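Undergrad: Starting off with a structure, shown below.
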Amino acid sequence: MICHVCKDRVATIRLKEIVGDVVTELHLCQECFHAREREGISGAASMNTMLGTLAEPEKKKAKGKAKSEKCPACGITEEQFRSKGRLGCSQCYETFARTLEPILTKIHGFTEHRGKVPRQALRSLDMKNELRRLHEDLQRAIVSENYERAAKLRDKIRKFEDT
């Protein structure tokens, strides 16, 4: 589909506005979308704005904090993330994990990848998931002081890691 604004490039963004019973669709290319966004034209609300909006409930919870978190790698603060709806680097995912988890759950329903996996990576991914599950079971056994089960799980983990 061709962009409705420039009528030159391929449209990669579809904006759909529903007001009452009237449905309006607008197909835009990346350049025209960002131009509308910079001009503040209605209908160009981006994913960034949506993420910032979704972070609002967590923002209210965090108001009691004296100091806003800051990414050690890129220096972006939690406030900047909330206002822009963008993270600065890959380290931000770990730094702002507490804020991101509820947002990702609202958007996707999960906080980990649940989609398709390349065949070559499937076996490796299954093994990693199994190992992670064994470690979690081991921790639960230790906490509940079930040392016999913990020893069996430890041995199973060692055997699993050797293969």
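The values are calculated or read from the model by the stated rules, or taken from the named source; none is laboratory data. A quick note: this is a predicted structure, and the numbers were derived from the prediction, not measured. Every residue, glycine as well, gets a Cβ built from its backbone with ideal geometry; the counts of neighbours run over all protein chains shown.
Undergrad: Pull up region 55-84, narrow it to residues that are small (G, A, S) and within 17 Å of the chain's Cα centre (by Cα), then point me to the one that is modelled with the highest pLDDT.
TA: Applying the filter and picking the extreme gives S83.
Undergrad: Out of everything in region 116-163 that is among the hydroxyl-bearing types (S, T, Y) and at pLDDT below 90, what residue ends up being surrounded by the fewest Cβ atoms within 10 Å (Cβ to Cβ)?
TA: Only one residue tops the list, namely T163.
Undergrad: Can you tell me which residue is surrounded by the fewest Cβ atoms within 10 Å (Cβ to Cβ) among those in region 66-84 that are assigned to a helix (DSSP H, G or I) and of a type outside the set (D, E, K, R)?
TA: Only one residue fits best here, namely S83.
Undergrad: Can you tell me which of (1) over 17 Å from the mean Cα position of the chain (by Cα); (2) modelled with pLDDT under 80; (3) closer than 30 Å to K156 by Cα; (4) among the hydroxyl-bearing types (S, T, Y) is the one T111 doesn't meet?
TA: T111 satisfies all of (1) over 17 Å from the mean Cα position of the chain (by Cα); (2) modelled with pLDDT under 80; (3) closer than 30 Å to K156 by Cα; (4) among the hydroxyl-bearing types (S, T, Y) except (1).
Here's the yes/no breakdown for (1) under 13 Å from the mean Cα position of the chain (by Cα); (2) assigned to a loop (DSSP other than H, G, I, E, B); (3) hydrophobic (A, V, I, L, M, F, W, C):
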position: R86; (1), (2), (3): yes, yes, no
position: T105; (1), (2), (3): yes, no, no
position: V117; (1), (2), (3): no, yes, yes
position: R123; (1), (2), (3): no, no, no
position: D126; (1), (2), (3): no, no, no
position: L131; (1), (2), (3): no, no, yes
position: I142; (1), (2), (3): no, no, yes
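Undergrad: Moving on to the next point. Which of the residues that make up region 101-152 are within 30 Å of C71 (Cβ to Cβ) and touching a residue at least 12 places away in the same chain (Cβ under 8 Å)?
TA: Selection gives P102, I103, K106, I107, L131, H135.
Undergrad: Here's a check for you: in region 1-40, which residue that is of a type in the set (G, A, S) and either farther than 22 Å from K84 by Cα or assigned to a loop (DSSP other than H, G, I, E, B) (or both) is farthest from the chain's Cα centre (by Cα)?
TA: Out of the qualifying residues, it is G20.
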